[in-house]
Amino acid sequence: MAAADSSPLADLGIDLSSRRTGMAFQRTRLAADRTLMAVIRTSLSLISFGFTIYKVIEGMQEAQLTVIKDHAARNFGVTLCAIGVLALVGGIVYHSLFMLGLRRQRSGMAEAGTLETPDGFPASFTLILAVVLLIVGIFAIVSMVFRVGPFI
C-alpha cells in the first residue's frame, strides 16, 4: 500500500490537483474583477448622466428655454452623481474585502502544501480604474455644488 502512494501516478494526480486549485483561484479572482467592472459601468452611467442632466438643464435655463427652480437641476445631478459614487465605494470595499479573504485562503493552502504557488495575485487594474473613477465622481460633485473645478 505504501508503494502505491509514492508511485509516479499518485504524484502526478497531486500535481494536477494542485494546478487545478491554483487555476480555480485565478478564475475566482477574475470573477471578482468582472463584478467590480459591473459596478464601475453602473457608477459611470450614474455619474455621467447626473452631470449631463445638470449641464443641459443649466444651459436651457441660461437660454431661458425652461422654467425650473434655480437649484433643481443641480440637486438632481448631484443626487445621481452621489448615488454613483456611493455605489462605487461599496463596490471597492466589497472587492477589497473579498480579495483579502481570497489571498488569506490561498496563503493558507500554500503553507499547507496543497497549492502550487509561484506568485501571489497581481495588482487589480480594475480596482485602480475604480479608484480613478471615484476621484472623477467626487470632482464632478464638487464642481456642481461649488461651481469650481475642471468640469465647469
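No value in this document is a laboratory result; all are computed from the given coordinates. All figures in this text were calculated on a predicted structure; none of them were measured in a lab. Neighbour counts run over all protein chains shown; Cβ positions are idealised from the backbone, glycine included.
Structural remarks
- Out of L127, L44, one residue alone is within 24 Å of G149 (Cβ to Cβ) and in contact (Cβ under 8 Å) with a residue 12 or more places away in the chain. It is L44.
- Selection of the stretch 97-131 for residues being under 13 Å from the mean Cα position of the chain (by Cα), surrounded by 15 or more Cβ atoms within 10 Å (Cβ to Cβ) and small (G, A, S) yields S124, A130.
- The C-beta contact set for the stretch 50-77 (first residue more than 15 Å from S143 (Cα to Cα), second residue in a loop (DSSP other than H, G, I, E, B), distance under 9 angstrom, 6+ apart or interchain) comprises I57/T66; I57/I68; G59/L65; M60/T66; M60/I68; Q61/V67; Q61/I68; Q61/D70.
- Scoring L134 on the criteria (1) surrounded by 12 or more Cβ atoms within 10 Å (Cβ to Cβ); (2) closer than 30 Å to T21 by Cα; (3) in contact with a helix residue (DSSP H, G or I) (Cβ under 9 Å, 6 or more places away or on another chain); (4) not basic (K, R) leaves a single failure, condition (2).
- Condition check for L88: assigned to a helix (DSSP H, G or I), of a type outside the set (D, E) and surrounded by 15 or more Cβ atoms within 10 Å (Cβ to Cβ): yes
- Candidates are the residues of the stretch 91-112 that are in contact (Cβ under 8 Å) with a residue 12 or more places away in the chain and aliphatic (A, V, I, L, M); the one that is nearest to R41 (Cα to Cα) is I92.
- Considering residues of the stretch 26-57 that are under 18 Å from A73 (Cβ atoms), surrounded by fewer than 18 Cβ atoms within 10 Å (Cβ to Cβ) and among the β-branched types (V, I, T) only, the residue farthest from the chain's Cα centre (by Cα): V56
- Among the residues making up the stretch 98-152, those that are in a loop (DSSP other than H, G, I, E, B), hydrophobic (A, V, I, L, M, F, W, C) and under 19 Å from F76 (Cα atoms) are V148, F151, I152.
- Checklist (1) more than 24 Å from L30 (Cα to Cα); (2) free of Cβ contacts under 8 Å to residues at least 12 places away in the same chain; (3) surrounded by 13 or more Cβ atoms within 10 Å (Cβ to Cβ); (4) not acidic (D, E) applied to F139, failing item: (2)
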